Amino acid sequence: MAAYLISDLTVRNPEAFQTYRTRAAAAIEKYGGRYLARGGEIQALEGAWNPQNIVVVEFLGLEQARAWYTSPEYASALEVRDIALERDMILVDGYPETTGTPV
């Protein structure tokens, strides 16, 4: 079952952000992740949430996502993260591929 990494981020330093983004993308690809959304237009429909940049990455499952997050490849991106950006990030287990009524 797929897992989804969702980030709401604000760029602090554009140059450092490009370094972070390049390193993170290479690590995501290596661990089987793929971008579903990355910095596109955001339209708030309800509530007070006003994100600046949303990134959504799909992994094959929670295990692959966790392996990416703790990998040495992603650690190189984390070296510049605090300079590059501020963010909130969550990991969400996907909906099972079964029949029935969704929760």
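Quick notes
- Volume per residue for the chain equals 112 cubic angstrom (convex hull of Cα atoms).
- Residue-averaged 222 nm ellipticity for the chain, from DSSP H runs of 4+ at -39500 (n - 2.57), nearest 500: -11500 deg cm²/dmol
- L9 sits among other residues whose Cβ lies under 13 Å from its own Cβ, and their net charge, with Lys and Arg +1 and Asp and Glu -1, is +1.
- Applied to region 10-21, the Karplus parametrisation 6.51 cos²θ - 1.76 cosθ + 1.60 on θ = phi - 60° returns per-residue 3J(HN,Hα) values of 10, 6, 9, 9, x, 5, 5, 4, 5, 5, 4, 4 Hz, with x for Gly and Pro.
- When peptides 47-53, 19-25, 76-82 are sorted by average Cβ neighbour count within 10 Å, with the highest value leading, the order is 19-25, 76-82, 47-53.
Since every read-out is calculated from the coordinates, none of them should be taken as a lab result. What you are looking at is a predicted structure, and each value in this text was computed from that prediction instead of being measured. No Cβ is skipped: glycine too gets one built from the backbone with ideal geometry, and neighbour counts run over all protein chains shown.
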